[in-house]
Each structure stands twice: as structure tokens, then as C-alpha cells.
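What follows is one structure encoded as C-alpha cells, with my remarks underneath.
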Amino acid sequence: MLGLKLPTDPRWVNLAEKDLEEILTDHAYCELKAATSCITLIQGYPDKEELVKELSPIVTEEWGHFRLVLKELQKRNLQLGYQRKDEYVNKLIDFQKGGGSREDRMLEKLLTFALIEARSCERFRLLSLHISEEELKTFYHGFMVSEAGHYRMFLDLCYHYFDKDRVKKRWSEYLEREKEIMGELEVRGDRMH
């Protein structure tokens, strides 16, 4: 369904489980950045009615997710650590085509966000299936379902605003680059991506 070309290394869940404070901290900041990214898109493209309509509730949802992760940290007497550089996201951003029109840049951003949501969905699925604590399996299942919807929404917005063949071609290029990125990055349990 997600179209990802390289699955997450199976060791990732075991590594993530070893230090819940680290993975929950990174997860919290991912949710915060997702809300901020949606706000930035709305600010940059207020004339795109469908985009504004679709993204407005996502801002609230992502902020709610941030609060859910904070609550999970507090429940476990864990601390929200500092935000760290997200190499995965930065490499995807580096892949965006520079220049071009305002609309060209919008397509690049929408595809980048779709891919981030797809990978997050895949990671949440793994946690919901393989983390040893039953309560966390349920916790992550809810995030998986949500991220799948966000992934689909970002792609649907691409198809709404742009030529189908253009979107398919560029999406295919993103999927190939993401596969390379996943192969380049060290498997770390303290990162969602």
C-alpha cells in the first residue's frame, strides 16, 4: 500500500524498545514538526482552497499526537529530551528540486511530506506488531492508522493540483531516493526515521 522500496531493518524495533525515552522524545518532535509543516504549507499557499481545507484539521491532529506522546512520557516518568537533527528528513529535503515556480515547490513539499508519513506509518506498524509491551502496541497502532491517512491525503493533494503523469514520475523518483537514503542511514533505535 505504501510503495516503500526498502523495508525497515527488523532490528530497529528491538533497538527502539531498549530506550523508550529516546524514541518517545524523537516521536514527540516528529509530531510537532508535522503540525508546523502543515501550518507552513497553509501560510505559503492560502489560495489553494483544497489544501487549506485538508491540512487545517491535520494541524490539530498532529498537535494532539504531540500531547499524547508527552502524556506517555509523563506516565512513565520519562523526560522530553532535546530535539535532534533528522538526517532522514534533511536528505529528503535535499532531494527536492530547487527553483521553479511556486507550484513546483508545492509539489516537492507535498511529495516529501507524503513520504515522511509513509515511512512513519511503516515504523508505527512495526512497533504495533513487535514491541513487547501490549499497551504500547495499541498506542502505536493508532498512530499507524493516522499516518496512513496523512500519507494518502498528501498524495491526493498532489493529484488534485498536478498532472497525474507528472506526479507518478516524481513520486517514483522520490521512492527510489528514499530507498537509497534508508540504505545509507545507520539503524538507530533512538530515531523514528
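Each reported figure results from applying straightforward, stated rules to the coordinates on display, with no laboratory input. The model shown is predicted, which means the values in this text are computed figures rather than measured ones. Note that each Cβ is placed from the backbone with ideal geometry, even for glycine, and that neighbours are counted across all protein chains shown.
Hey, what did the chain get for relative contact order, percent, Cα under 8 Å, at least 6 apart? Write down the numbers at each step before the final one.
On the way: 210 pairs, mean separation 68.5, N = 193.
Relative contact order comes out at 35 percent.
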Taking neighbour counts of Cβ atoms within 10 Å as a proxy for exposure, in what order, fewest first, do T8, T112 appear? T8, T112
Give me the one-decimal Kirkwood hydrodynamic radius in Å for the stretch 12-85, with the sum taken over alpha-carbon pairs. 13.4
Place a point 7 Å from the Cα of D190 in the direction of its beta carbon; the residues of the stretch 70-85 whose amide N falls under 12 Å from it are 81-85
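Taking a threshold of 25 Å on the Cα-Cα distance, which of the pairs K85/K179; K85/K137; K109/K137 fall above it? Mind showing how you got there, number by number?
Numbers: K85/K179 20 Å; K85/K137 27 Å; K109/K137 31 Å.
Beyond 25 Å: K85/K137; K109/K137.
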Chymotrypsin sites (Phe, Trp or Tyr not before Pro) restricted to the stretch 59-159 and DSSP loop, no more than 12 other C-beta within 10 Å: Y82
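Give me H193, H160 ranked fewest to most by other Cβ atoms within 10 Å of their Cβ, as a rough exposure proxy.
Details: H193 19, H160 13.
If I rank by nearby Cβ atoms, fewest first, I get H160, H193.
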Net lengthening on full extension, E173/L15 (0.36 nm per residue, minus Cα-Cα): 53.9 nm
So what is log10(I(q)/I(0)) for the chain at q = 0.08, 0.10, 0.14, 0.18 1/Å, when the Debye sum runs over its Cα atoms only? -0.25, -0.40, -0.79, -1.28
Could you work out the helix-only [θ] at 222 nm for the chain, with each DSSP H run of four or more residues adding -39,500 (n - 2.57) and the total divided by the number of residues, to the nearest 500 deg cm²/dmol? -26500 deg cm²/dmol
